[in-house]
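The values are calculated or read from the model by the stated rules, or taken from the named source; none is laboratory data. Since we're looking at a predicted model, the values are computed, not measured. Positions of Cβ are backbone-derived with ideal geometry, glycine not excepted, and every protein chain shown enters the neighbour counts. Ligands, DNA and RNA are excluded from the accessible area calculation, which covers all protein heavy atoms including side chains. Shrake-Rupley method; radii C 1.70, N 1.55, O 1.52, S 1.80 Å.
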Amino acid sequence: PQGDDGPPGNPGGEGAEGPTGKVGYDGANGLNGGTGLGGIWGDPGKHGKVGPRGPMGIQGPPGPKGAKGTDGGTGDRGGIGPGGSDGVKGDDGSAGGRGPYGKGCDGATPQDGSKPKVIDACGVCGGDESECAITSVSKTAHAVGDPHYLTFDGKSFDYQLQGEFILARHMNDIELQNLQVICPNPSVRCNRDAAVVTKNFNLRFKSQWLGGRISINGRELVVDKDYNYGVWNWLDSTTAYLMTSEHFEVYFNDNPLGDCAVATGYWSHWGPPLPNGYYMHLYFRAPGRWSSGLSMTGLFANFDNNAEDDWDAIAPSTMWWVKDTASSAFSNDKYLLHWTNRLIHSKQDAIDAQFNHAGSAHVGGNTGHKAGSATAILADGGEKKEGEWTHADEVKALHDIDPLTAKMRRKLFAKMAAEGVVERKVGEAAPKTELAHAELDIMPYVGERPSPMRIEQQMLFRKEWKVLDEKQRHMMLAGGVVSNTATGFKHMCMSCVEGTEECAEKKIVKTPKADGITWPTEARKTACEEACFGWLKLPDSPSICSCWIDCSLGVKLELATSNLLTNYMKQRRVLLTPDDGEASEKCLNLDSSPAKVFRGDKPGARMRWTQEFAPNFAITFWWKPDMDATSGTYFKPDRKVILYKGLNQTDSGEYGMPSTKMVYIEIDASTPTKQVVVTVAGVEARVPADKCQSIGEDVFTFFAVTKRDTQVTVWCGKSGAAEAAKVHSFQLDGAEYKTTIDDVIAVGGIKAPEDQYAKGWMGKLNYIGVNYWDKTDKVKLWDVQIPARFTVGEPDACPS
């Protein structure tokens, strides 16, 4: 049923205004109005007479203050007051532009923008010092490890002082300084910082920064903002620098037509008290044209292919101290080079001359290379001023390494680098001997990183050499034995998680000397094993053990992997034609077959050539054709043999090579469109002609052939290009690649017909043999290694 009505609602709102109504009719007349208003008043009447003044009233209060009057006129000038204090010094103005060059030694000012001629060290106006050079081969000196010095001419010595020193200087062109501090082993010293100085630039490098920062003339530059890793940065026409996370290089060339000088530093990790735990290995490569013996100075001595006069050039060593002087590149950002040179006689004569002839710092030289009295800190912690240096100090500081020990250093390290460790023969008793100062020289492998295990070996080596008999020494030098007190490789690489029974079972201890690897946790062990090439086993590369040791001691996983990759590749790469050395070795003329044969059966080569350790490979080189139209590479159209890798079957094979070739690189010049032809495991592939056109030009071309599992990739890069590119890839599709230590790499093939001679020139030939690789590709292989080889650049010893 319907409910009751609800209560009435609230009144509605006011409605809208209605429209205007029509105009009404006129209204009726209104009523008469009332009386109007009164009229206005008339004018006032006249005032009456003024009455007399009344008495004065009481004074009123003062009125308000009046407004300020206008300024008065200027008064007489006062006397001069006392002078005020000096204001704050303004900022330095911007540097002015470079002024015009002056006259050269020939009295002429070049009008084409080139530099005026100067007198070189040989006394020749406009010369490049090659007129009196002893050799044309560049040489590298170094201060590496803790630190071991090697002069340009091969003299080995130690210099265990704290301080800042000039290592190498070429006249007023370029100088390398180092800053030595206490190492984690307090009995030795390490290179903490380095500086490279020229006439215009002061470049400082710190272990604290690694490659992330550099100081140039006091201004700090930062990676990814001011420069990028792996890119050369030109400061002027003579000087450039390159930075990576692992090393720096400074390039200097005062003669565009000659070899350059290169200063290089590699960082290695050791531990506190070093900044970030890092220190440096320093190298200086001097071009052969600087080998006159007249222009190179510093602790790396002169450069004249004669080690016998190196002490003459070094002593007194205080000449090369710069700490607390204006010539320190570390404390004086404005330090740049100026002219100086020095000559000296023999080591003992030089020392005697300094201390026996009053007022003569050394014979035949000058001390004008620095201002102030330098200081250094001795091994016992005492500080010495340059003027306080004595004959005894000099003899003690310059610790000469006898030639036999120096030779042993090189051989020991070569063997250690090949094997990854040092160990004595099983059951061999440790003799009570002292292997005096036979630490690692890191000589054959620039930039090799000494792991904590190798540092331990260094300390053990110190104790053994001196009292070995002649037979023992001979065996040591021949590689018959290595260290007689070192922990064996097998046990040193055993591991356990700290606190577990496994440590006791394996006899792994941390003190008093680490024997075996102790993981802090199971999780760390798993992470480290994965970071240290988890897809490989220890027998595949002894460097894996070094990586485990590093990682167990707290080295970051990424750094442990990076260091292992560096060490692994150092062991697996062989420079068949060296980057430096004799011209005949650096540059091969492919006018015969073979032009050069490299054998795989050399000692220590197993891991680079056998199927077990090297199923993958890379071969890289630079090649330039001979463009002579009457006798050169392309005079006769045919397939030109560049390189062969495989068995040498001179008597039974086709041209001395089997019909199924493991690696064969050719240029097909039978048609006007030239092509690169690559054969691997009998599978032949052609690179599209437009992908590597520089093979038909009078320039160097970079080649790389890489194998990874079943894929073969060909790389090509023209001289002067920004990078080498992948130009072709192909699959082996079941074809089996085989490699043995009986293989050879034959430049130009073996007994190829004369029409197939490639001719032209090849240099910087490298071979790298590696294991099966990371399937996840987290650790890059050829995508990192090949571009790195291309950036080294074309050979500099081949005919232009």
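At-a-glance table
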| item | result |
| --- | --- |
| FRET efficiency, Asp76 to Ala721 (Cβ-Cβ, R0 56 Å, nearest 0.05) | 0.10 |
| Burial ranking of peptide ranges 70-76, 699-705, 324-330 (average Cβ count within 10 Å, highest at the top) | 699-705, 324-330, 70-76 |
| Per DSSP, loop chymotrypsin sites (Phe, Trp or Tyr not before Pro) in the stretch 716-800 with at most 14 further Cβ within 10 Å | Tyr772 |
| Surface accessible to a 1.4 Å probe, Cys587 within the full protein complex, Å² | 20 Å² |
| Ranked by how many other beta carbons lie within 10 Å on average, peptides 661-672, 144-155 from highest | 144-155, 661-672 |
| Calculated FRET efficiency for the pair Thr671/Val124, C-beta based, R₀ 60 Å, to 0.05 | 0.70 |
| Size-normalised alpha-carbon gyration radius of the stretch 121-280, reference 2.2 N^0.38 Å | 1.09 |
| Distance-filtered residues of the stretch 685-702 - backbone nitrogen under 13 Å, label point 7 angstrom along Ser659 Cα→Cβ | none |
| Carbon + sulfur, % of accessible area of the stretch 602-755 - ligands and nucleic acids excluded, 1.4 Å | 47 percent |
| Cβ crowding within 10 Å averaged over residues, with 515-528, 183-196 ranked highest first | 183-196, 515-528 |
| Net length gained if the chain between Thr521 and Glu501 were fully extended (0.36 nm per residue, minus Cα distance) | 5.8 nm |
| q = 0.18 Å⁻¹: log10 I(q)/I(0) that the Debye formula gives for the stretch 693-800, counting C-alpha atoms only | -1.16 |
| Gained length - Lys103 relative to Asn332, 0.36 nm times residue gap less alpha-carbon distance | 79.4 nm |
| DSSP-loop trypsin sites (Lys or Arg not before Pro) across the stretch 742-780, with at most 14 other Cβ within 10 angstrom | Lys775, Lys778, Lys780 |
| 17 Å cut-off, amide nitrogen to a point 7 angstrom out along Thr710 Cα→Cβ, residues in the stretch 730-773 | 730-738, 772-773 |
| Accessible-area composition of the stretch 115-222, carbon plus sulfur, in percent [1.4 Å probe] | 48 percent |
| Among the listed pairs Lys596/Lys718; Lys334/Lys385; Lys117/Lys155; Lys199/Lys624; Lys510/Lys537, those beyond 31 Å (Cα-Cα) | Lys117/Lys155; Lys199/Lys624 |
| Over the stretch 230-324: Kirkwood hydrodynamic radius from C-alpha pairwise inverse distances, Å | 15.6 Å |
